[in-house]
Amino acid sequence: MTADELKTLIETGEADRVEMTRSTTDTDKFREAICSFSNDMAGRKQPGYLLVGVDQKDSGFRLQASDDLLQQFASYRSDGQVMPLPVMNVAAVVHPSSGGHVIVVEVHPHDLPPVRYKGRTHIRIGPRKDVASEAEERVLIERRTARFRTFDSTPCPEGGLERLDLETFRQTYRPQAIAGEIIAENHRDVPEQLAALRFYNLNRKCPTNAGMLVFAYDPLDIFPGVKLQFVQFAGGELADDVLAEKTFTGNLITLLAELDSFLKGRFTKKPVVISELREQGSLIFHPKPSGNC
């Protein structure tokens with residue numbers, strides 16, 4: 001956020017998307033604000049802003065945003081008290097008048113409301129916070145059902161374009177997914193191209209889970225257990241001795257390429273007679289010493 005954007009928010013005053021305070025210690029108030037912005041009761045589909053370090057009655061008030069203070073506000077995202085975990089950013093911006101700092105907590109509307117703090121669903125009604133009524137909570141539950149996404153299409157906030165192997169996307173995936181003449185006529189940037197294939201979410205400005213799984217340099221960094229393991233046993237039971245073992249990691253395109261190469265080295269095709277006029281290929285396994293795997 002720029003200083004000019006912050007000035008506009010301050011001049012607008014408190015509303016359903018803006019809350020201002022000079023306090024840095026009222027943790028209940030901060031979490032209630034994060035919860036209420038996450039629920040986006042007004043349905044604006046725009047971020048809400050908690051501005052810490054603004055005193056509307058004292059324009060000369062100055063706040064110095066230390067690293068510890070910024071970490072304190074960032075910790076509200078994942079301390080488990082606001083659930084489901086909110087989608088938010090924290091930054092320090094210079095106050096346009098006083099020259100001090102304003103801690104800007106940007107909270108995005110949650111895809112899976114209602115979001116609760118201490119078991120209560122907090123919402124904003126204009127410039128005021130309140131606890132949602134039964135009818136209001138039912139509206140949020142209906143939104144949750146309408147917005148439900150499959151895992152692969154869900155945004156991955158921990159991801160980013162810098163974590164994606166974009167060269168593999170351009171050279172390997174894109175030519176197979178989109179006709180060459182369309183690519184030649186296409187003047188969209190890479191995020192828009194990824195979004196057209198559901199690998200990127202333009203609203204959240206981050207890859208989807210599918211985008212991270214298919215193109216991330218290291219998907220294991222975000223999705224523990226995303227790997228494939230080959231094991232050769234001495235017999236037909238899992239309790240038999242292991243003769244060979246190999247683990248494949250990396251994004252899906254890299255993993256499949258390595259797996260294909262590996263299997264071609266261990267299996268060959270041999271025709272099997274089905275009838276006098278027909279043959280069918282079958283795979284024959286050639287075991288290798290475990291030291292080769």
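With N residues in the range 161-218, what two-decimal value do you get for its Cα radius of gyration over 2.2 N^0.38 Å?
Ratio of Cα Rg to 2.2 N^0.38 Å: 1.06.
Would you mind computing, in nm to one decimal, how far apart the modelled labels at Thr12 and Ala196 are, each placed 7 Å from Cα along Cα→Cβ?
Result: 3.3 nm between the two label points.
Highest mean first, what order results for 6-19, 240-253 on Cβ atoms within 10 Å?
Those peptides, ordered most packed to least, come out 6-19, 240-253.
Residues in the range 157-180 near a label at Asp221, defined as backbone nitrogen under 13 Å from the 7 Å Cα→Cβ point?
Correct set: 158-166.
When the dipole is taken about the Cα centre of the range 137-253, and only Lys, Arg (+1) and Asp, Glu (-1) are charged at their Cβ, what size is it in debye, to the nearest 20?
Details: 14 positive and 17 negative charges, 142 e Å.
Computed about the Cα centre, the dipole is about 680 debye.
Only helical DSSP H runs with n ≥ 4 go in: add -39500 (n - 2.57) per run for the chain, normalise by residue count and round the 222 nm mean residue ellipticity to 500 deg cm²/dmol.
Helix-only estimate at 222 nm: -8500 deg cm²/dmol.
Sort Met1, Met83 by Cβ crowding within 10 Å, fewest neighbours at the top.
Ranked by crowding around the Cβ, least crowded first: Met83, Met1.
How much length is gained on full extension from Ala234 to Thr145, taking 0.36 nm per residue of separation minus their Cα-Cα distance? Present the calculation step by step, with values, prior to reporting the outcome.
Details: separation 89, 0.36 × 89 = 32.04 nm, distance 4.94 nm.
Gain in length upon complete extension: 27.1 nm.
For the range 161-197 and the range 61-138, what is the centre-to-centre distance using only Cα atoms, to the nearest Å?
36 Å
Treat every Asp and Glu Cβ in the range 7-75 as -1 and every Lys and Arg Cβ as +1, leave all other atoms uncharged, and give the resulting dipole magnitude about the Cα centre to the nearest 20 debye.
Its charge dipole is roughly 200 debye.
Stokes-Einstein diffusion coefficient for the chain at 4 °C in a medium of 1.567 mPa s, Rh from the Kirkwood formula over Cα pairs: what value in µm²/s?
Roughly 55 µm²/s, to the nearest whole number.
Out of Leu164, Leu112, Leu263, any idea which swings most in a Gaussian network model of the chain, alpha carbons joined below 10 Å?
Looking only at Leu164, Leu112, Leu263, the biggest GNM fluctuation is shown by Leu263.
Taking Lys57 as the anchor, which aspartates and glutamates have their alpha carbon closer than 16 Å to its alpha carbon, excluding any fewer than eight residues away along the same chain?
Qualifying aspartates and glutamates at Cα under 16 Å: Glu11, Glu14, Glu19.
Note the full-extension length gain between Arg128 and Ser153 as 0.36 nm times their separation in residues minus their Cα-Cα distance, in nm to one decimal.
Numbers: separation 25, 0.36 × 25 = 9.00 nm, distance 3.40 nm.
Working it through step by step, the gained length comes to 5.6 nm.
Given charges of +1 on the Cβ of Lys and Arg and -1 on the Cβ of Asp and Glu, with all other atoms neutral, how large is the dipole of the chain about its Cα centre, in debye to the nearest 20?
420 debye
Could you state the angle between the C-alpha long axis of helix 134-147 and the longest principal axis of the C-alpha atoms of the chain, as a value from 0 to 90 degrees rounded to the nearest 10?
The two axes meet at around 30 degrees.
Most fluctuating residue of Glu32, Glu137, Glu258 in a GNM of the chain with Cα springs under 10 Å: which is it?
Comparing Glu32, Glu137, Glu258 in a Gaussian network model of the chain, the most mobile one is Glu258.
Find the eigenvalues of the gyration tensor of the Cα atoms of the range 114-233, then list the square roots of 5 times those eigenvalues as equivalent ellipsoid semi-axes, largest first, in whole angstrom.
Computed over the range 114-233, the values are 36, 22, 13 Å.
Could you work out the relative contact order of the chain? I mean the mean sequence separation of Cα pairs under 8 Å and 6+ apart, divided by the number of residues, in percent.
13 percent
Every number here is computed from the coordinates shown, using simple stated rules; none is lab data. Keep in mind the model is a prediction, meaning the values are calculated, not measured. Every residue, glycine as well, gets a Cβ built from its backbone with ideal geometry; the counts of neighbours run over all protein chains shown.
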